[in-house]
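Heads up: the structure comes next, in structure tokens.
The values are calculated or read from the model by the stated rules, or taken from the named source; none is laboratory data. Values in this document were obtained by computation on a predicted structure and should not be read as measured data. Here the Cβ is made from the backbone with ideal geometry for all residues, glycine too, and neighbour counts use every protein chain on show. For accessibility, only protein heavy atoms count, side chains too; no ligands or nucleic acids. Shrake-Rupley method; radii C 1.70, N 1.55, O 1.52, S 1.80 Å.
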Amino acid sequence: VSCTRGRCQRLDWSGNARNCFLTGSPDSYRNFIGKGLRCLWNVPNTEVYRNAHHSLGRFCFQSSRPLREKITSLQISSVGQLPHNFSAWNIQTIRSFRTSPSFQAAPVPLFWIIVKPAQKLFAIILGRSIRKWWKALPPNKRELFKESARKNKWKILLGVSSLGVLFVMFYFTHLEETPITGRTRLLVFGKEHFRELSQMEYNMWMEEFKSKMLPETDARYQVVERVVGHLSESNKDIPQVSALEWVIHVVDEPGVNAFVLPNGQVFVFTGLLNAVSDIHQLSFILGHEIAHAVLEHAAEKASLVHFLDFLSLIFLTMIWAICPRDSLAVVGQWIQSKLQEFMFDRPYSRTLEAEADKVGLRFAAKACVDVRASSVFWQQMELAETIQGQPKLPEWLSTHPSHENRAEHLDRLIPEALKIRESCNCPSLSGPDPRLIFKLNMQHLLESSKDQENPNSTKRDLSKPKLDFPHT
């Protein structure tokens with residue numbers, strides 16, 4: 001996927017996509033720090049826009065020079081056919097890809113956003129005051145205090161246990177089921193909180209992008225409107241989908257990003273439209289973002305963060321009270337925040353992303369999309385990073401599943417999605433499986449790369465038949 005600009009002249013509807021999307025009814029919270037970075041697959045036969053003008057954005061970079069010397073051009077067919085002259089690759093990549101922001105927009109209601117720093121400051125001052133008070137006590141008074149604590153240890157234990165019981169009761173009394181999936185989750189804040197905040201978020205984005213909004217007559221706007229309209233129309237039997245009015249906003253920005261606010265406001269950057277290989281991939285990505293809104297992931301993530309932050313205030317007070325020096329307390333506070341991040345926050349974010357993939361795939365299946373393209377999309381992302389030579393970080397360091405694991409997860413879900421698609425009386429999928437075509441592309445790429453690395457080491461074996469892939 002890329003950060004490129006493009007003028008949309010004609011959408012290349014092909015195969016079943018034509019039958020499916022032309023009949024679609026166009027009825028229709030990104031975080032403050034959304035870093036959706038993608039890589040571009042420049043596909044002449046299947047690109048979303050013809051005659052697009054490519055200009056790299058600030059997050060984009062091309063393959064390294066030695067790689068381009070070995071591999072000069074790339075063509076991948078989105079509907080399952082290989083180009084006739086499949087000799088080389090032309091790839092533009094950027095550092096990472098996210099279909100959604102790393103953190104949900106408006107992580108806590110506005111009041112707690114303002115109060116949160118004050119809570120931490122209070123905990124630090126309280127812990128530091130306890131430490132100074134303890135150091136100022138004469139030795140004999142310290143011993144008396146310790147002796148009193150030993151005599152009243154059961155009372156102290158009872159008080160601590162009562163506090164723990166209150167937290168447990170609060171947790172279990174705020175559990176409810178997630179729509180569609182039925183997963184049990186903690187939900188402290190109600191929908192109305194986030195609907196109000198999403199309106200504030202909407203006003204902020206509209207002010208920022210007021211000069212970059214595409215008109216409704218623009219072909220790129222109509223593409224997004226048709227896809228979102230068809231997804232919502234095909235899933236109107238789900239109350240959470242039909243309850244929202246999906247309003248489309250297409251922003252002329254090279255950054256690759258898309259997000260949906262809890263109130264149904266859909267924002268898509270033109271960089272994303274230039275990035276996808278075909279309409280099936282775009283439908284899956286927008287289905288994923290719609291799933292975040294339908295499943296109320298913003299409120300769920302905010303609830304968990306608020307609950308954990310409140311618990312962390314107790315540990316923060318203890319750290320500043322026990323550590324003998326402020327410098328050690330700062331280190332202890334940093335360790336505590338990182339443990340919370342990597343043990344709770346990031347794994348939970350990955351869980352929400354996987355759930356949005358699952359539900360988004362269902363939405364796409366009911367809209368008669370070729371759901372197999374979702375897996376190919378993440379395989380492309382994995383290949384792009386490999387070609388660029390980017391280091392593979394462990395998944396536990398990320399807020400999103402790795403591209404490889406994401407593709408494998410979707411592969412496991414695709415058989416069920418195909419059954420859903422069949423139950424909706426969708427047209428049968430014609431042509432080969434795009435996952436198989438992608439695999440053949442990879443094999444051909446490796447063979448071409450080896451031939452270019454060793455042009456004189458081996459000669460062509462004329463006794464072996466030439467693999468000539470047909471092009472439709």
**OP:** For the range 290-297, just list the computed ³J(HN,Hα) in residue order, Karplus coefficients 6.51, -1.76 and 1.60, θ = phi - 60°, integers in Hz, with x standing in for Gly and Pro.
**Re:** 5, 4, 4, 5, 5, 7, 6, 5
Original post:
Can you list the residues, at least 5 places off or on another chain, whose amide H is less than 5 Å from the amide H of V247, using H built in the peptide plane?
Top reply: Q265, V266
Subject >> Whole-percent carbon and sulfur share, accessible surface of the range 296-398, 1.4 Å >> reply: 72 percent
**OP:** Quick one: pull the percent of accessible area on the range 156-292 belonging to carbon and sulfur, 1.4 Å probe, ligands and nucleic acids left out.
**Re:** 58 percent
Subject >> Peptides ranked, highest mean first, by Cβ atoms within 10 Å: ranges 305-318, 390-403 >> reply: 305-318, 390-403
Original post:
For the range 191-445, what is the accessible area per residue in Å², given a 1.4 Å probe and the full set of protein chains?
Top reply: 39 Å²
